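S.K.: Would you mind keeping the following structure in view while I ask a few things?
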Amino acid sequence: MRLQLKGKETDYSYDIVTTLGAITIDNKKLGGSYEKTNAGNRTIDLIASLGDIDINFEK
């Protein structure tokens, strides 16, 4: 799964899990589970059973 999102990484809070895959946010590999609360009012909540999750931001 690949996402290209508007804004900055800090605009979003995250709860992301992939069972058999990796999570990458703006070219930073984060393993198979990632949760972070930021000051922005946007939320990303993703679950993938199989495959990688790759998120990048338009700056």
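S.K.: If the Cβ limit is 6 Å and pairs must be 6+ apart or interchain, which residue in segment 1-12 that is within 9 Å of residue 58 (Cα to Cα) pairs with which residue that is exposed (fewer than 11 other Cβ atoms within 10 Å of the Cβ) and at pLDDT below 95?
M.R.: 6/58
S.K.: Also, quick follow-up: Scan segment 38-47 and give yes if some residue there is surrounded by 13 or more Cβ atoms within 10 Å (Cβ to Cβ) and of a type in the set (Val, Ile, Thr), otherwise no.
M.R.: Taking every residue of segment 38-47 in turn, at least one turns out to be surrounded by 13 or more Cβ atoms within 10 Å (Cβ to Cβ) and of a type in the set (Val, Ile, Thr).
S.K.: What number of residues in segment 1-41 are more than 12 Å from the chain's Cα centre (by Cα) and either of a type in the set (Phe, Trp, Tyr) or part of a strand (DSSP E or B) (or both)?
M.R.: Result for segment 1-41: 3.
The values are calculated or read from the model by the stated rules, or taken from the named source; none is laboratory data. All values derive from a computational prediction rather than experimental measurement. Glycine gets a Cβ as well: all are built from the backbone with ideal geometry, and neighbour counts include every protein chain shown.
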